[in-house]
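Please treat every number below as a calculation from the coordinates, not as lab data. What you are looking at is a predicted structure, and each value in this text was computed from that prediction instead of being measured. Glycine gets a Cβ as well: all are built from the backbone with ideal geometry, and neighbour counts include every protein chain shown.
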Amino acid sequence: MDLVFFGIQGSGKGTQAKKLAAEFGYDIFEAGGELRKIAASGSELGERVKSYIDQGHLVPHEIIMQVVAEAIATRSSDTKILFDGIPRDGEQKRDFDAVMRSADREFRCIHFLLDRDEAEARILGRAKAEGRADDADTAIIRRRMQTFTDKTLPIIEEYKEAGRVTEIDASEGIDEVYEALVGHLTP
Ligand code: AMP
């Protein structure tokens, strides 16, 4: 069973993904990380992708869907994938669900809950540590969070209505959140 992690920027889902993958052998697909690799490649496509990331806009649908479809196609069926940062809007959800269905992959969703002010404070701290331009500018952080609220929350709601979402309080420390996560995943 694959996992899809949802959470506002700064909710710590990337950190939790790494811990869970290390302990339980998931292969992480981090959408933002994959796109940042393309942006750093110096190609024409990379320049295009970089301009969206730097402004805090979603990268065009076709680009991200091609990257994720390829990642799914190149993993064997016995690899468990942990998706972080995809799908992010209704159009991505539609295509992601279809790709997963045709690859015969099942998934459940985890939503890390954190309020916006706390999330913003955490991201500004992370910007210093990781040197990410899109984390250092408050206006861009807010744009990304607004996209999460406007486009991603509605699809989490759809998955929730389908009974596929586990919600985790992400306001606690890393170890407490991880304990709650593992508690929900292991019977
Ligand atoms: P993140 O590291 O998840 O905060 O993502 C950083 C940036 O990568 C976002 O602001 C978008 O520009 C881009 N990005 C990440 N995931 C997606 C996605 N699923 N669809 C489109 N753009 C994305």
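If the only charges are +1 at each Lys and Arg Cβ and -1 at each Asp and Glu Cβ, what is the size of the charge dipole of the stretch 39-108 around the Cα centre, to the nearest 20 debye?
Using only the charged Cβ atoms, the result is roughly 200 debye.
GNM, the chain, Cα, under 10 Å: largest mean-square fluctuation among LYS128, LYS93, LYS80?
Greatest mean-square fluctuation among the candidates belongs to LYS128.
If I take every Cα pair under 8 Å that is 6 or more residues apart in the chain, average their sequence separation and divide by the length, what percent do I get for the relative contact order?
34
When the C-alpha atoms of the stretch 20-60 are aligned to their principal axes, what extent does each axis show, in angstrom, from largest down?
Cα spread of the stretch 20-60 along its principal axes, largest to smallest: 37, 19, 14 Å.
First select every other residue whose beta carbon is under 15 angstrom from the beta carbon of GLU47; then total the charges, Lys and Arg +1, Asp and Glu -1.
Charge balance near GLU47 sits at +2.
From the helices alone, meaning DSSP H stretches of at least four residues, give me the mean residue ellipticity at 222 nm for the chain, per-run term -39500 (n - 2.57), in deg cm²/dmol to the nearest 500.
-18000 deg cm²/dmol
How big is the C-alpha Rg of the stretch 49-135 next to the rule-of-thumb value 2.2 N^0.38 Å, as a ratio?
Relative to the rule-of-thumb radius for its length, the stretch 49-135 sits at 1.29.
Assuming 0.36 nm per residue, please report the length gained on full extension of the stretch GLU118 to THR186 beyond their Cα-Cα distance.
Result for the pair: 21.6 nm of gain on full extension.
Could you check the simple spin-label distance between ARG101 and LYS128, using points 7 Å along Cα→Cβ, in nm with one decimal?
Taking the simple label geometry, ARG101 and LYS128 are separated by 4.8 nm.
Restricted to Cα positions, what overall size does the stretch 1-101 have along the principal axes? Three whole-Å values, descending.
36, 28, 26
For the chain, divide the Cα radius of gyration by the Kirkwood radius and give the resulting Rg/Rh value with two decimals.
0.94
With charges only on Cβ, +1 for K and R and -1 for D and E, what is the dipole size of the chain about its Cα centre, in debye, rounded to 20?
Charge dipole, the chain, about its Cα centre: 320 debye, nearest 20.
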